[in-house]
Amino acid sequence: MVLSRFWYVLLGLLLGVTLYLLHLASSMYNRAGLRARAEGLSADAQVVSWYLRDDARQRSAELIPFALEPDVAKYLQKSNESEAKVPEDARGKLTQALNRVSAQIPKSLGFDSVFAVDQNGRVVAYLGYEQASGMEDFELGGYPVVADALHGYVRDDTLVLDRMYRVVARPVEFDLSAMPAGAIVGARVIDDRFARELSQRTGAAVAFYANGQRAAAASPADFNTANLDAIVGDLTDLEQDKDYHEKGRSGVREIGGLIAVQYTRLPGEAWRLGAGYAVARQPAAVSGPLGFFSKADDKDKKQGNLPLAVIAALVAAGLGILFSVLEHTRPLRVFKTEAAKFAAGSIELLTPSHFRGVFRKIAADVNDGVDKQLAKGGGPRRGPADFKEVLGDLPDQPVMSAFSLPGDAVADAAGSGPLSVGNLPSSAHGGSGARQLPTPPGSAPRRLPRPPGAGPVTPASAPAHLDATMPEGGLSGWGTGAPDEAEWQDVFKEFVATKQQCGETIEGFTYEKFVERLRKNRDALVNKYGAKRVKFGVHVKDGKAALKANPIRE
Amino acid sequence: MKASWAALLIALVPASAEAAKLRGRVDGFRNLLNPVWAEAKDPKEHGYSFREPVPTVRAEFRRLFPHAPKEICIAALAAGPQKSPPPVLVRIGGGRTTPVTLVVPPGTRLTFQNTDPFKHRLHGVGFPTFQPADTVRGATREWSVPGPGVFEIRDELAPSLRMWVVGDPTVAAIAYPSMKGDFALSVEQPGEYTVQAFFAGKKVGPAMPVTVKEADLDLTKTPLKVGDEKAAAAAEKADAEKAKADAETDAKGGDK
């Protein structure tokens, strides 16, 4: 029992500890996930920022071939000389020059649009900006990025025009002693293609937004790009973010449990227009201990060492079953077998040494119980020999008591025959204080416990044996010979002994009272049935000592 | 562009065969600083991720002086109030308006025309008569100068676009200098005038009193000095030191 109980406790403890650990693990996982996500988003935002800056620098270098192209400088200067109107030949020549240079730029570093701007800010020629087709007065000179280039600076900007553009510009010099002849401006449209390229190179899920709308988005393969649309609903609240407002980068914001995002303003005019980009990551939290199952991918499951878990479970179950068999099933089976033998009478009593643990105690208790019951006379019996019958109809013939005392019974002092009990003094009828117990076939007779206060058992003092079924005529000696009072002394002694055996108190129980009661009953029976005399016997009823009266007419 | 700009001047200045020409010249305008561009170069404005000078461009050209033909307005101010001229065309395009600074009598109607291939949303700053409204490509929008004073107009969709309209009832004529600083005012009526340069909504340089008779006047010998080189150099030096200090602060603070 100890092993299996210990095992149950151990399993219970393990289960509790496992549940606690799982909750702990999920909490730690979520906390670590939040921290990692925040750090990851910040890293993503920083990487995107670096990428945009580096990309702008690289592309500004790609403007050098334009600036060094002789025709570009020459025809920009020619345009400057005509403040009234851009010379048409300058437009044509510049367009050709732009095309020539543009064809030599690697595609990965190329521009969507290129503009050649003269000192007046007028766009003399351009590539890739069809929106301006036919607009002779199209100009860009007011934008700070172009103005800076016209004043000798190379820089970048982010413009929000009809679309969002990343722009770089640098001066074009014709005469080094004079102002730059103009500026060359390269622009890239911030569209899905741009975002895709950025996402591929940085590994970030990124969305650009302007004017409260998503302008472009792209994400790695394991990220649902459509989730980035959720930022549109969040942009209205974004201005309330203090960090975003002051530093240009928001804190980590979770949108609808779908994604966590961090917003960053784009440098340039876009900054003041509230345009920027958002990097996003999907939340990595688990809803509870079972959430790990849904979050684990194949790689995680491979790391899970399922065979070890199965083996551990099988070993634990096997140990539990083994302990259960050893401590429950097997002892119970032994006990069952022994009990069956006991019931069949093939054994006299259960042998405690055959059992283990609590079954040993049960066997001892059963044996003790049987002994006690036998000492009480085998317990209550049903049948005609009941004291109730004393008050019932008088039979025509003398009725034999269920526990009459045959006078010819011989006690076997050696114990090989019927067991003699009590040390009651022999009566005039040959020792009525002894009873004979039935013995199971093939088994040795058991000695009944002696009543307290009884003397030692001797063959002479135990002449009678107890017989449950008295032969007819066994009472022939009753009512003849000695007077009632002589018998009643024996009956009294037997009655007292039986009461003691049944555990009843005999305090205050005197012979005088006993005799008085017998007399009263005798007289009543004699009067009622016309009996000559009444013979009393002792028996046990419902675990208590009781008297039975037999009226005798002759 | 020049043709339409000339049309503006023609519209602003009443044509008259008897109009006298005041030919003059502004000097030192390269010592002025375009407020929009100057603001944009401040790193704290986050206008760029990198901005570096090209070494081959001489330092004097790196100063962000205004584009005089659009930003410096030369006005001839009469002794008394003048009639409002016909509507004045203001083009919106290229990140600015043309002109950037305009000096007109109150009540003058301005017609804003969008010459960009995308929309603009102009609005007045600090006065209610010019509320934000979209002006799509090629469309126009009108507004009358409500009274004397300086009225700043901006574009909600293009932060770099800023325009100043100066309402002055004594404006008799205006002109815009060339890249070299030359200008010509056409004054219809003889009389006493004051020639004054305006830049970014403010008067710059000294006022030059002139007496106009029937003959043209040549004022080029006494150019209007609108910008002081020493002051500009001092401002530039202070600006450079401030930029240097900011850069050091940024370097200590790390890249955010």
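None of the figures in this text is laboratory data; all of them are computed from the coordinates on show. Note that the structure is predicted; figures quoted are calculated from it, not measured. All Cβ positions, even for glycine, are placed from backbone atoms using ideal geometry, and neighbour counts span all protein chains on display.
Within the shell of other residues whose beta carbon sits under 10 angstrom from the beta carbon of A:MET135, the net charge comes to -3, with Lys and Arg scored +1 and Asp and Glu -1. With an a/c value under 1.5 for the gyration tensor axes a ≥ b ≥ c computed over the alpha-carbon atoms, the stretch A:63-189 is described as rounded.
Rg over Rh for chain B works out to 1.00, both radii taken from alpha-carbon positions and Rh defined as the Kirkwood radius. Using Cβ point charges alone (K and R +1, D and E -1), the dipole size of the stretch A:306-375 about the Cα centre works out to roughly 160 debye.
Note the full-extension length gain between A:ALA103 and A:ARG193 as 0.36 nm times their separation in residues minus their Cα-Cα distance, in nm to one decimal. Please list the in-between numbers first.
Details: separation 90, 0.36 × 90 = 32.40 nm, distance 2.03 nm.
Taking A:ALA103 through A:ARG193 to full extension adds about 30.4 nm, to one decimal.
Would you mind giving the mean number of other chain beta-carbons within 10 Å of the Cβ of each residue in B:112-121, as a whole number? The partial results should precede the final answer.
Values: counts 0, 0, 0, 5, 8, 10, 5, 2, 0, 0.
Averaged over the peptide's residues, the number is 3.
What order do you get for A:ASP237, A:ASP148 when you list them from fewest to most C-beta neighbours inside 10 Å? Display every interim value, and only then the final one.
Details: A:ASP237 9, A:ASP148 27.
The order, fewest Cβ neighbours first, is A:ASP237, A:ASP148.
In this structure the amide hydrogen of B:LEU89, modeled in the peptide plane, comes within under 5 Å of the amide hydrogens of B:THR111, none closer than 5 places in sequence on its chain.
Whose amide H sits under 5 Å from the amide H of A:LYS535, counting only residues 5 or more places off or on another chain, with H placed in the peptide plane? Under 5 Å from the amide H of A:LYS535 lie the amide H atoms of A:ASN550, A:ILE552, each far enough along the sequence or on another chain.
Net charge in the neighbourhood of A:GLY33 (other residues with Cβ under 11 Å of its Cβ; Lys, Arg +1, Asp, Glu -1) is +4. The ranking of A:THR95, A:THR158, A:THR337 by Cβ neighbour count inside 10 Å, starting from the fewest, reads A:THR337, A:THR95, A:THR158.
Pull up the cross-link candidates among the aspartates and glutamates for A:LYS544, meaning alpha carbon to alpha carbon under 14 Å and not fewer than 8 places away within one chain. Result set, ordered by chain and number: A:ASP386, A:GLU494, A:GLU504. Summary value for the stretch A:306-375: 20 percent relative contact order, contacts being C-alpha pairs under 8 angstrom separated by 6+ residues. Rounding to the nearest 10 and keeping the result within 0 to 90°, find how far the Cα-based axis of helix B:229-253 lies from the longest principal axis of chain B. Helix B:229-253 sits roughly 30 degrees off the main axis of chain B. Phi angles across the stretch A:285-299 convert, under the Karplus curve 6.51 cos²θ - 1.76 cosθ + 1.60 with θ = phi - 60°, into 3J(HN,Hα) values of 8, 10, 7, x, x, 6, x, 4, 5, 6, 8, 6, 9, 4, 5 Hz, Gly and Pro given as x.
Lysines within cross-link reach of B:LYS41: Cα-Cα under 23 Å, excluding same-chain residues under 8 positions apart? Within the straight-line cut-off, B:LYS41 pairs with A:LYS247, B:LYS70, B:LYS202, B:LYS230, B:LYS237, B:LYS242, B:LYS244, B:LYS252, B:LYS256. Packing, taken as the mean count of other beta carbons within 10 Å per residue, orders the peptides A:79-88, A:185-194, B:88-97, B:178-187 from highest to lowest as B:88-97, A:185-194, B:178-187, A:79-88.
Explain nothing, just the number: relative contact order of the stretch B:49-128, from Cα pairs under 8 Å at least 6 residues apart, as a whole percent. Can you show the working numbers first?
Values: 64 pairs, mean separation 21.3, N = 80.
Dividing the mean separation by the residue count of the stretch B:49-128 yields 27 percent.
What does the structure give for B:56-68 when I average, per residue, the other chain Cβ atoms found within 10 Å of the residue Cβ? Provide the component values of the computation, followed by the final result.
Working: counts 6, 13, 7, 1, 2, 9, 7, 2, 7, 3, 1, 7, 0.
Per-residue shielding by partner chains comes out at 5.
For the stretch B:158-188 versus the stretch A:517-537, the inter-centroid distance based on Cα atoms is 155 Å. Model label sites at B:LYS119 and A:ASP237, defined 7 Å from Cα along the beta-carbon direction, differ in position by 2.8 nm. Computed over the stretch A:1-127, the range of Cα coordinates on each principal axis works out to 109, 27, 17 Å, biggest value leading. Relative to the longest principal axis of the Cα atoms of chain B, the long axis of helix B:2-12 makes an angle of roughly 50 degrees. Our summary of shape: the Cα atoms of the stretch B:99-201 have principal axis extents of 43, 31, 20 Å, ordered from largest down, in whole angstrom. Put the Cα centre of the stretch A:338-378 next to the Cα centre of the stretch A:155-209 and the gap is 102 Å.
Counting charges near A:ALA178 (Lys, Arg +1; Asp, Glu -1) among other residues having Cβ under 15 Å from its Cβ returns a value of +2.
If packing is taken as the average count of other Cβ atoms within 10 Å, what order do A:266-277, B:101-112 fall into, highest mean first?
Working: A:266-277: 24.3, B:101-112: 20.7.
Output ranking for A:266-277, B:101-112: A:266-277, B:101-112.
Taking other C-beta atoms within 10 angstrom as a stand-in for reagent exposure, B:CYS73, A:CYS502 fall in the order A:CYS502, B:CYS73, fewest first. Derived value for the stretch A:76-151: Kirkwood hydrodynamic radius 12.9 Å. Basis is the mean of 1/r over every pair of different alpha-carbon atoms.
Take each residue of peptide B:160-167, count the partner chain Cβ atoms within 10 Å of its Cβ, and average: the result is 2.
Label 7 Å along Cα→Cβ of A:LYS299; the stretch A:12-33 residues with amide nitrogen under 12 Å? Within reach of a label on A:LYS299, which here means backbone N under 12 Å from a point 7 Å along Cα→Cβ, the stretch A:12-33 contributes nothing.
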